[in-house]
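Encoded as structure tokens, the structure appears first; notes follow it.
The values are calculated or read from the model by the stated rules, or taken from the named source; none is laboratory data. Just so we're clear, the structure is a prediction, and the values are computed from it rather than from any experiment. When we count neighbours, we look across all protein chains shown, and the Cβ atoms used for this are built from the backbone with ideal geometry, even at glycine. The protein model used for the area step is the full one, side chains on, heavy atoms only, and it has no ligands, DNA or RNA in it. Shrake-Rupley method; radii C 1.70, N 1.55, O 1.52, S 1.80 Å.
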Amino acid sequence: MSGTSDHVEDLLRTLAPQALGVLVRRRGDFAACEDAVQEALLGAAGSWPADGLPDNPLGWLIQVATRRYTDQVRSELARRRREEAVAREPAAGAATGQDDSLTLLFMCCHPALTPASAIALCLRAVGGLTTAEIAGAYLVPEATMAQRISRAKQRLKASGASFDVPEPGTEGWDARLGSVLRVLYLMFNEGYAVTRGPVLHRADLAAEAIRLSRGVHRALPGEGEATSLLALMLLTEARRPARTGPGGELVPLAEQDRTRWDRRLIGEGAALLASTLGGGRPGEYRIQAAIAALHDDAARAEDTDWPQIAALYGLLDQVAGAANPVITLNRAVAVAMSRGPAAGLDLLDALDADGGPLTDHHRLHAVRAHLLERAGDIPAAVEHYRAAACTTSTPEQRYLVTRAARLHHGGAG
């Protein structure tokens with residue numbers, strides 16, 4: 001093998017100046033031609049010893065070098081066009097009236113991508129979420145999500161997607177808008193309830209999701225689901241000041257000081273929700289906004305209209321189409337609060353039996369523990385609170401461990 005490599009090296013030393021001379025005569029740019037020939041020589045040195053010499057080694061070098069030269073010229077022309085475009089842009093600080101992050105959001109939701117891939121790519125490119133955070137939102141392994149994002153980037157590049165916001169009503173518009181709204185929804189959720197790490201929420205991420213949602217609403221004021229999503233975010237964000245105690249510990253909804261809720265955001269969210277009424281069959285975000293509004297309307301936890309919330313979750317299950325385990329999980333809580341813990345536990349048993357993504361998940365354990373505690377089965381509740389403590393969110397983990405310890409030692413506080 002070594003002898004073959006030595007023979008190839010000797011041949012390439014002989015052919016290199018010949019190939020360069022031909023290319024310079026044809027193209028004229030010595031520096032660019034030399035670079036192209038060097039790349040062709042590297043390719044030959046890597047492939048010829050293993051694959052054998054081509055029938056016409058000099059012709060092979062000239063052909064490959066010519067392709068490399070053409071690629072370099074095209075790349076240089078593209079670079080110059082980009083520089084010229086930048087030079088024509090307004091100076092830094094000048095108002096353009098355009099939100100580039102919103103345009104990027106629509107670009108990443110290109111029809112060439114599946115909705116799941118588009119959403120994952122947007123959460124990375126626009127939301128700034130880590131692959132692990134996105135995988136947690138989708139309930140899939142991190143490696144699976146990394147592959148999905150990589151494929152999405154390749155497919156987007158191959159599609160030749162342009163950097164612009166498409167016109168409503170064009171082909172694929174509904175799916176594209178749906179992906180954009182889903183990205184914003186997941187971005188806000190991760191900001192409001194961080195899935196891993198030492199903090200309970202990321203105010204910056206939630207604020208960015210709200211900002212982008214306001215932009216979508218301004219651009220598309222007649223889109224009921226875009227309006228409803230913004231309403232949902234505001235109605236939920238209003239409760240954030242009461243979600244943590246003095247030491248940063250998690251405070252569950254039933255125990256929050258509701259005087260700390262932001263009434264301005266609640267009023268704005270309620271007005272947006274009201275503007276969507278009568279706009280046809282309610283979508284997923286309008287129903288969720290209505291549920292959030294019912295929680296916000298209750299001055300005390302015991303005043304919550306749980307039967308209405310349970311009914312809305314039932315409707316949400318229907319609207320969502322395919323079974324959504326997270327919706328079912330929330331519905332189980334609402335059913336338990338309105339009809340008793342046994343009814344809620346029955347829903348959880350069905351959810352756990354199908355081998356779905358929530359099987360043995362910390363969310364399922366946490367809800368089951370809560371309902372078992374309400375049913376008076378303290379030993380089983382302690383067991384599931386401890387199992388739920390596998391969560392990657394440190395504040396949630398501390399809350400669950402503390403709850404299990406209090407119940408184990410006879411305190412329900």
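The table that follows gives values for the structure above.
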| quantity | calculated |
| --- | --- |
| Heavy-atom accessible area per residue - segment 139-225, 1.4 Å, Å² | 52 |
| Longest DSSP-loop-exposure-free segment, GluC sites (Glu not before Pro), the chain, at most 15 other Cβ within 10 Å | 1-170 |
| Cα gyration tensor category, rounded, prolate or oblate, for the chain with a/c compared to 1.5 | prolate |
| Label-point separation in nm, S159 to D360, each point 7 Å along Cα→Cβ | 3.7 |
| Vicinal HN-Hα couplings computed from phi for segment 50-63 (Karplus, 6.51 cos²θ - 1.76 cosθ + 1.60; Hz; Gly/Pro x) | 8, 8, x, 6, x, 4, 10, x, 5, x, 4, 4, 5, 5 |
| Point-charge dipole on Cβ atoms (K/R +1, D/E -1) for the chain, about Cα centre, debye to 20 | 520 |
| Dipole magnitude of segment 196-291, debye to nearest 20 (Cβ charges: Lys/Arg +1, Asp/Glu -1, about Cα centre) | 100 |
| For T244, distant residues with modelled amide H under 5 Å away | V251 |
| Positive-end residue, the chain charge dipole about Cα centroid, Cβ charges, pick of A158, I327, L181 | L181 |
| Placed amide H near S393: partners under 5 Å, 5+ positions off or other chain | G197 |
| Accessible surface of segment 180-250, 1.4 Å probe, proportion on carbon and sulfur as whole % | 56 |
| With DNA, RNA and ligands ignored, accessible area of V382 (1.4 Å probe; Å², nearest 10) | 10 |
| HN-Hα J in Hz across segment 211-221 - Karplus 6.51, -1.76, 1.60, θ = phi - 60°, x for Gly and Pro | 4, 5, 5, 4, x, 5, 5, 5, 6, 10, x |
| Label-point separation, R260 to Q18 (7 Å along Cα→Cβ), nm | 8.2 |
| At most 11 other Cβ within 10 Å, DSSP loop - trypsin sites (Lys or Arg not before Pro), segment 297-393 | R300 |
| Surface share of carbon and sulfur [accessible, 1.4 angstrom probe, percent] for segment 115-168 | 52 |
| Prolate/oblate/rounded label for segment 196-321 (Cα gyration tensor, a/c 1.5) | oblate |
| Carbon + sulfur, % of accessible area of segment 328-413 - ligands and nucleic acids excluded, 1.4 Å | 51 |
